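Engineer: The structure is given below, and queries will be raised subsequently.
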Amino acid sequence: ADLYCRMIDKFVEHFSIRGICVHDDWGSQISTFLSPDMFREFIKPAFMKIYGYYKSHGVQVIAHHSDSYAATLVPDMIDMGIDIWQGVMTSNNIPELIKQYGGKISFMGGVDSATIDYPDWTVDDVAREVDRACRECGKLYFIPGASQGLPVSTFPGVYEETSRQIELASKRYF
């Protein structure tokens, strides 16, 4: 964490950083890699230091990507200063997380990439999944997106269509 904080010093010295997104998956589709207690002992302290350092150096928004089951870690994410959990999958019961933690953290995802990114995907498949995510998760503390978290897809056109459908759904719902 100390080396990382020294790197942060160099970033903020040369750039005006308002937000960051860190990719670090913390689980599989159905469980975290470590129990919450082990996570708190071995992982959380370093992220507390790193994310606290970012915030103390002017970073206003921290998004953390973990396209996995990590619902049991949401209180820890909030403690660590994470503003947006990016890549949140449906296995986390996003509507329930929003009810419990909305206002303390926002959730970005809700469209499991595997449900739309496959060889014979269709525009209707993508539209249906994006619409479902927006209906189920609501307007507050939710940002629709594919769980993958990067501007790519395995099969040609899926990323672009997902972006288009999110834009259309955003006009309808938000």
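The values are calculated or read from the model by the stated rules, or taken from the named source; none is laboratory data. Remember, predicted model here, so these are calculated numbers, not experimental data. Cβ placement follows ideal geometry from the backbone for every residue including glycine, while neighbour counts extend to all protein chains displayed. Heads up: the accessible areas ignore ligands, DNA and RNA and are worked out on the full protein's heavy atoms, side chains in. Shrake-Rupley method; radii C 1.70, N 1.55, O 1.52, S 1.80 Å.
Engineer: Of all beta bridges DSSP finds with both residues in the chain, what is the antiparallel percent, to the nearest 5?
Structural biologist: 5
Engineer: Keeping all protein chains in place and using 1.4 angstrom, which order do D79, D125, D25 fall into by accessible surface area, from largest down?
Structural biologist: Reading off the accessible areas and sorting them downward yields D79, D25, D125.
Engineer: Percent of accessible area on the chain owned by carbon and sulfur, 1.4 Å probe?
Structural biologist: Looking at the chain in its full context, I get 57 percent from C and S.
Engineer: Sticking with this one: Leaving out ligands, DNA and RNA but keeping every protein chain, what accessible area does M80 have, in Å² rounded to the nearest 10, with a 1.4 Å probe?
Structural biologist: Taking all protein chains as shown, M80 has close to 10 Å².
Engineer: Using the Karplus equation 6.51 cos²θ - 1.76 cosθ + 1.60 (θ = phi - 60°), what ³J(HN,Hα) coupling, rounded to whole Hz, does each residue of the range 138-151 give in order, writing x for Gly and Pro?
Structural biologist: So the Karplus estimates, Gly and Pro as x, are x, 8, 9, 6, 9, 10, x, x, 6, 5, 4, x, 10, x Hz.
Engineer: Then there is this: Amide H neighbours of I143 under 5 Å, counting only residues 5+ apart in sequence or on other chains, H built in-plane at 1.01 Å?
Structural biologist: Excluding prolines and chain starts, which carry no amide H, the hits are F107, M108, G109.
Engineer: Would you mind checking which residues have amide H under 5 Å from S31's amide H? H placed 1.01 Å from N; only 5 or more apart, or other chain.
Structural biologist: Excluding prolines and chain starts, which carry no amide H, the hits are Y69.
Engineer: Could you state how much accessible area C5 has, in square angstrom rounded to the nearest 10, with a 1.4 Å probe and all protein chains kept in place?
Structural biologist: So the heavy atoms of C5 present about 10 Å² to solvent.
Engineer: Calculate, for the chain, the solvent-accessible area per residue in square angstrom, rolling a 1.4 angstrom probe over the heavy atoms of the protein chains.
Structural biologist: Working: 9180 Å² over 174 residues.
It amounts to 53 Å² per residue over the chain.
Engineer: Can you give the accessible area of L3 in Å² (nearest 10), computed on protein heavy atoms with a 1.4 Å probe?
Structural biologist: 110
Engineer: Sticking with this structure for a sec: So how many Å³ per residue does the convex hull of the Cα atoms of the chain work out to?
Structural biologist: 122
Engineer: Trypsin sites (Lys or Arg not before Pro), restricted to the range 9-85: which are DSSP loop and have at most 11 other Cβ atoms within 10 Å? Intermediate values should be presented prior to the final figure.
Structural biologist: Working: sites: K10, R18, R40, K49, K55; in loops: R18.
For trypsin sites (Lys or Arg not before Pro) across the range 9-85 that sit outside H, G, I, E and B with at most 11 neighbouring Cβ atoms in 10 Å, the list reads R18.
Engineer: Follow-up. Considering only DSSP beta bridges where both residues belong to the range 1-97, give the percentage that are antiparallel (nearest 5).
Structural biologist: For the range 1-97, the DSSP antiparallel bridge percentage is about 10.
Engineer: Could you tell me which of the pairs K10/K49; K49/K139; K44/K139 are separated by over 25 angstrom between their Cα atoms in the structure shown?
Structural biologist: With Cα atoms farther than 25 Å apart: K49/K139; K44/K139.
Engineer: Then there is this: For the range 102-111, take each phi angle, set θ = phi - 60°, evaluate the Karplus expression 6.51 cos²θ - 1.76 cosθ + 1.60, and give the result in whole Hz per residue in order, putting x for glycine and proline.
Structural biologist: x, x, 9, 7, 10, 10, 10, x, x, 10
Engineer: Among F11, T115, Q86, flag the residue with its Cα farthest along the positive direction of the charge dipole of the range 1-137, charges on Cβ as +1 for Lys/Arg and -1 for Asp/Glu.
Structural biologist: F11
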